[in-house]
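Q: Here's a structure for you.
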Amino acid sequence: MEAKKGILLESGTNELEVLEFRIGKTSYGINVMKVREVLTLQKVTSLPESHELADGMIKLRGEAIIQINLVKYLGENESEDDKLILTEFNKKKIAFRVSDVSNIDRMSWADLDTIDGLNVDVPVIGVVKYSDRMVLILDFESIVAFVMPGEADIDFEKVEKLAGARLAIADDSNFILEMVGSFLSKSGYEDILSFHNGQEALDYLESNPNEVDVLITDIEMPKMDGLTLCKRVKDNKATSGIMVILYSSLITDDIRHKGESVGADFQVNKPQFESILKHLGSLTT
């Protein structure tokens with residue numbers, strides 16, 4: 001597959017831009033929507049009792065930012081020519097150390113293949129296959145959760161539940177599916193379906209339009225992204241009554257506008273899971 005040209009990244013068109021970078025000899029990618037800028041190495045101040053993959057803090061224009069070492073994480077050798085990718089998602093800025101940054105590709109989420117059959121030991125959303133290389137799209141949320149773990153402080157006894165609600169979760173990350181499923185179960189929800197991409201979820205919903213009351217979906221997924229999934233659900237008369245919650249690390253003002261344009265009922269930033277429970281509970285009133 002060669003990178004497509006001239007794609008308009010509009011809501012619900014299943015398209016994205018990927019910043020391609022290298023660690024060792026392997027090519028990786030990150031959704032451009034998470035990237036703020038690419039930097040040369042900065043002075044790092046170490047942090048006591050931090051994870052071994054957290055190099056420490058850098059200061060950028062007066063702001064303290066945690067640096068995570070992807071080169072070390074992937075078992076490659078560091079170099080003084082390494083680069084930093086400054087990202088912002090989950091309402092946090094984090095810098096990632098990589099070997100080099102190459103180019104930006106435009107593509108469709110449908111171009112991302114699953115990693116079935118590939119020997120990959122790192123969390124990956126999917127793989128893009130070009131004629132001369134493969135690009136692994138890393139699951140940055142799972143990497144951050146591994147290096148900087150945290151748990152939501154929720155009093156499940158006080159959660160107001162939507163009695164009998166049938167829920168579906170769409171997310172390519174097994175980590176997120178397990179986490180969200182666990183929280184929903186602890187909150188009293190029992191009828192929960194899980195899907196690994198938007199196309200799987202849409203196929204089920206279109207075949208079983210009366211089996212799901214609420215769809216909780218990520219935005220970044222192979223085969224079909226969450227914005228396209230939401231649009232397809234809301235445009236279909238048989239499924240338009242399903243409540244759709246976009247649950248993503250990318251909920252910015254721009255994305256919120258796109259979510260509204262495809263008919264999303266609510267939009268929640270990861271990992272603010274308590275907000276999902278609040279929106280579910282609002283249906284009881």
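The values are calculated or read from the model by the stated rules, or taken from the named source; none is laboratory data. Being a predicted model, the structure only gives us computed values, none of them experimental. Positions of Cβ are generated from backbone atoms using ideal geometry, with glycine treated the same way; all protein chains shown enter the neighbour counts.
Q: Y204 - would you say it is among the aromatic types (F, W, Y), touching a residue at least 12 places away in the same chain (Cβ under 8 Å), touching a strand residue (DSSP E or B) at 6+ places or on another chain (Cβ under 7 Å) and buried (at least 22 other Cβ atoms within 10 Å of the Cβ)? Don't jump to the end; show me each part of the working.
A: Numbers: among the aromatic types (F, W, Y): yes; touching a residue at least 12 places away in the same chain (Cβ under 8 Å): yes; touching a strand residue (DSSP E or B) at 6+ places or on another chain (Cβ under 7 Å): yes; buried (at least 22 other Cβ atoms within 10 Å of the Cβ): no.
When the stated conditions are applied, Y204 does not pass them.
Q: Can you tell me which residues in region 259-277 are closer than 14 Å to E220 by Cα and among the charged types (D, E, K, R)?
A: K270
Q: Can you give me the number of residues within region 69-111 that are of a type in the set (S, T, N, Q), out of contact with any Pro (no Cβ under 7 Å at 6 or more places or on another chain) and touching a residue at least 60 places away in the same chain (Cβ under 8 Å)?
A: Going through region 69-111, the residues of a type in the set (S, T, N, Q) turn out to be 69, 77, 79, 87, 90, 99, 102-103, 108.
Within this subset, residues satisfying the condition of being out of contact with any Pro (no Cβ under 7 Å at 6 or more places or on another chain) are 69, 77, 79, 87, 99, 102-103, 108.
Checking which are touching a residue at least 60 places away in the same chain (Cβ under 8 Å) leaves us with 99, 102-103, 108.
Within region 69-111, residues that are of a type in the set (S, T, N, Q), out of contact with any Pro (no Cβ under 7 Å at 6 or more places or on another chain) and touching a residue at least 60 places away in the same chain (Cβ under 8 Å) number 4.
Q: If I filter region 274-284 for residues that are without any contact (Cβ under 8 Å) to a residue 60 or more places away in the chain, closer than 19 Å to A145 by Cβ and not assigned by TED's automatic domain parsing to the domain that holds G126, do I get at least one hit?
A: Step one: filter region 274-284 for residues without any contact (Cβ under 8 Å) to a residue 60 or more places away in the chain, giving 275, 278-279, 282.
Keeping just the survivors that are closer than 19 Å to A145 by Cβ gives 275.
Checking which are not assigned by TED's automatic domain parsing to the domain that holds G126 leaves us with 275.
Yes, region 274-284 contains a residue that is without any contact (Cβ under 8 Å) to a residue 60 or more places away in the chain, closer than 19 Å to A145 by Cβ and not assigned by TED's automatic domain parsing to the domain that holds G126.
Q: Quick one: count up the residues across region 57-82 that are under 24 Å from the mean Cα position of the chain (by Cα) and assigned to a strand (DSSP E or B). Show your work before the answer.
A: Let us first name the residues in region 57-82 that are under 24 Å from the mean Cα position of the chain (by Cα), namely 57, 64-75.
Applying the additional criterion that residues be assigned to a strand (DSSP E or B) yields 57, 64-69.
Final tally of qualifying residues: 7.
Q: Here's another thing I want to ask about it. Within region 228-244, work out how many residues are surrounded by 23 or more Cβ atoms within 10 Å (Cβ to Cβ) and either under 14 Å from I169 (Cα atoms) or without any contact (Cβ under 8 Å) to a residue 40 or more places away in the chain (or both).
A: 4
Q: Restricting to region 244-277, give me the number of residues that are touching a His at 6+ places or on another chain (Cβ under 8 Å) and modelled with pLDDT of 90 or more.
A: Filtering region 244-277 down to residues touching a His at 6+ places or on another chain (Cβ under 8 Å) leaves 245, 265-266, 268.
Adding the requirement that they be modelled with pLDDT of 90 or more leaves 245, 265-266.
Counting residues in region 244-277 that are touching a His at 6+ places or on another chain (Cβ under 8 Å) and modelled with pLDDT of 90 or more gives 3.
Q: Given the conditions (1) in contact (Cβ under 8 Å) with a residue 24 or more places away in the chain; (2) within 30 Å of V35 (Cβ to Cβ); (3) buried (at least 18 other Cβ atoms within 10 Å of the Cβ), and given that V212 satisfies all but one, which numbered condition is not satisfied?
A: (2)
Q: On to the next question. Which of the residues belonging to region 16-56 are assigned to a loop (DSSP other than H, G, I, E, B), in contact with a helix residue (DSSP H, G or I) (Cβ under 6 Å, 6 or more places away or on another chain) and within 22 Å of D81 (Cβ to Cβ)?
A: Here is the first cut: in region 16-56, the ones assigned to a loop (DSSP other than H, G, I, E, B) are 24-25, 41-44, 46-53.
Filter once more, so that each one left must be in contact with a helix residue (DSSP H, G or I) (Cβ under 6 Å, 6 or more places away or on another chain): 51, 53.
Once the filter is applied, which keeps residues that are assigned to a loop (DSSP other than H, G, I, E, B), in contact with a helix residue (DSSP H, G or I) (Cβ under 6 Å, 6 or more places away or on another chain) and within 22 Å of D81 (Cβ to Cβ), region 16-56 yields only L53.
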